[in-house]
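One structure is given below, encoded as structure tokens.
The values are calculated or read from the model by the stated rules, or taken from the named source; none is laboratory data. The shown structure was predicted, so the numbers you read here are calculated from the model rather than taken from an experiment. So basically every Cβ, Gly included, is an ideal-geometry build from the backbone, and we count neighbours across all protein chains shown. In case anyone asks, the SASA skips ligands and DNA or RNA and just uses the protein heavy atoms, side chains included. Shrake-Rupley method; radii C 1.70, N 1.55, O 1.52, S 1.80 Å.
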Amino acid sequence: MGVTALWFTPVLENNSPDSRRLSTYHGYATTDYYRVDPRLGTNDDYRRLVDEAHRLGLKVVMDMIFNHCSIDHPWIADLPSRDWLNTPDWLFDHKEGSSYPGPTSQGDNVFSRRHAQYVQTNYKLTPILDPYASKIDLHETTDGWFVPSMPDLNQRNPHVMKYLTQNSIWWIETIGIDGIRMDTYPYADREAMSKWMKRIETEYPNFNTVGETWVTEPAYTAAWQKDSKLTGLNSHLKTVMDFSFFDKINRAKNEETDEWTHGLNRIYNSMTYDYLYPNPSNVLAFIDNHDTDRFLGDGQDTATLKQALALLLTTNRIPQIYYGTEILMNGTRAVTDGNVRKDFPGGFPGDTANAFTRKGRTREQQAMFGWLSHLLHWRQGNDVITKGRQTQFIPYKGVYVIARQYGGRTVMTILNGTSRQASFCPVRYAEITGSTTEAHNVLTGRMVNITKNIRLAPRQALILEFIS
């Protein structure tokens, strides 16, 4: 494919006896922080996988969860201390000291009905940085539970944080992971997480961690990046997730790019706030992931998909691609979350198709696979994309242009953000094209005359490369 790193959603043990508890199947409700889930293999298998990835030149990112664990974790049956969890009172019966016996076959909803003191998060991350936030809002955000089956860990307890810190170092040392993706990053205590990141940074200066920061405003996301001047507490978190890019590109695909706010103007306007980031090139962007609808929704619109990927892979970001995108996997969460997390065809015995092989892919799947693989291999080691200065142009007559320049070379990404034909007018972009007369079309391999207007098909993506 041409990818350089693999991010697996959680691989740790999620041992829940209640098979109907849908909040645990995805792996984010840990029951043992030191053991790979036996359904996936053993710790030794994990180490061999990482070693093999390294042999092939791939890095491996481990998904970790410090905010919460599973209701079936051994801690819950015998809490090390009452403040091991946030808002734990609902786990105790009316008789002081009598601990909650654990899950029942009646499901999670019964828990919250039977225990009036249960506190659930409001899922709003804004109070954490809001200068006007009320105490109740902030309390619900950081101390409320995600769902009744995932108790909220109290990182303000120094023993909890020491346990989690030592655990993360243990995985780095014993398995050799190259990075961490920290789930629900802002929900955990800010000060404790900052100290954890500082510890990891001191021990492993070249190690990277990306935090899930699910707010679609750039100012919020930027405040969580290491060395931000927007807040008084340094997070030491090198990489944050660009939910603004995700939100804007998914709106733009259903809109016509006009002269002001709609379509690809949304991306342009979001990028204008990159001055807020201490390091924009260390921001992770994506068009979908396991928590969202797939970019294709229930359709197969390859034109908008290619356009989104062309932008994702050439802009000043770390790109993340969700598995299955390369073979046009689609689906929405309107059915279930599992509908966007289906098995990749060919991964299990009995699968009727094996999309891991060219022979097992349909013509349409192979066309998408080849297109994306070609673009990814072109991107690998490309200093213009990874180091180049970025220039963007206000969308003009439906056309959005981003340019990258480095070492005398230029790459221009040209997107027709409308459902009609449009034209790329080189004279408007003379500050980038200069006296160049021809450019290499990265996607087709052909040479393109850039001294005259170029006709663009509806939603077409064009990537040109030339000597500046």
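When only Cα pairs below 8 angstrom with a gap of at least 6 residues are kept, segment 230-307 shows a relative contact order of 33 percent.
Quick check on segment 326-374: take the gyration tensor over C-alpha atoms, sort the square-rooted eigenvalues as a ≥ b ≥ c, and tell me if it's rounded (a/c under 1.5), prolate or oblate. Judged from the Cα gyration tensor, segment 326-374 comes out oblate (a/c at least 1.5, b/c at or above a/b).
Only the Cβ atoms of Lys and Arg (+1) and of Asp and Glu (-1) were treated as charged; on that basis the dipole of segment 106-263 about its Cα centre amounts to roughly 580 debye. The dipole here belongs to segment 336-468: it is taken about the Cα centre, uses +1 on the Cβ of Lys and Arg and -1 on the Cβ of Asp and Glu, and is about 240 debye. Note that the chain, at 10 °C in a medium of 1.306 mPa s, gets a Stokes-Einstein diffusion coefficient of 66 µm²/s from its Kirkwood radius over C-alpha pairs. The residues packed around Ala355, meaning those with a beta-carbon under 13 Å from its beta-carbon, carry a net charge of +1 if Lys and Arg are +1 and Asp and Glu are -1.
Against the main long axis of the alpha-carbon atoms of the chain, helix 243-252 sits at an angle near 50°. The mean sequence separation of alpha-carbon pairs under 8 Å and at least six residues apart, normalised by the residue count of segment 412-466, gives a relative contact order of 53 percent. If you line up the long axis of helix 190-203 against the longest principal axis of the chain, both from Cα atoms, how many degrees apart are they, to the nearest 10? Once rounded, one gets 70 degrees. Pairs exceeding 32 Å between alpha-carbon atoms, taken from Lys195/Lys387; Lys124/Lys238; Lys359/Lys387; Lys198/Lys306; Lys124/Lys226; Lys135/Lys253: Lys359/Lys387; Lys198/Lys306; Lys135/Lys253. For segment 303-422, taking the reciprocal of the average inverse distance between every pair of different Cα atoms yields a Kirkwood hydrodynamic radius of 16.6 Å.
Taking all protein chains together, Glu259, Glu431 sort by accessible area into Glu431, Glu259, largest first [probe 1.4 Å]. With point charges of +1 on the Cβ of Lys and Arg and -1 on the Cβ of Asp and Glu, referenced to the Cα centre of the chain, which listed residue (Ala367, Leu138, Val36) lies farthest in the positive direction of the dipole? Final value for the positive-end residue is Ala367.
Positive contributions from Lys and Arg (+1) and negative ones from Asp and Glu (-1), summed over other residues with Cβ under 12 Å from the Cβ of Leu85, come out at -2.
Charge tally around Thr332: other residues with Cβ under 9 Å, Lys/Arg +1 each, Asp/Glu -1 each, net 0. Net charge dipole, the chain: roughly 1620 debye, given to the nearest 20, about the Cα centre with Cβ charges of +1 for Lys and Arg and -1 for Asp and Glu. Our helix-only sum for the chain, with -39,500 (n - 2.57) per DSSP H run of n ≥ 4 divided by its residues, gives a mean residue ellipticity at 222 nm of -7500 deg cm²/dmol.
Between the Cα long axis of helix 43-55 and the first principal axis of the chain there is an angle of about 20°, rounded to the nearest 10.
If you sort Glu201, Glu217, Glu212 by accessible surface, 1.4 Å probe, largest first, the order is Glu217, Glu201, Glu212. Note on surface exposure: Asp274, Asp258 rank Asp258, Asp274 by accessible area, highest first, 1.4 Å probe.
Taking all Cα pairs closer than 8 Å and separated by 6 or more residues, the relative contact order of the chain comes to 11 percent.
The phi-based Karplus calculation (6.51 cos²θ - 1.76 cosθ + 1.60; θ = phi - 60°) puts the 3J(HN,Hα) values of segment 414-424 at 10, 10, 8, x, 10, 8, 10, 5, 9, 10, 9 Hz, whole numbers, x for Gly and Pro.
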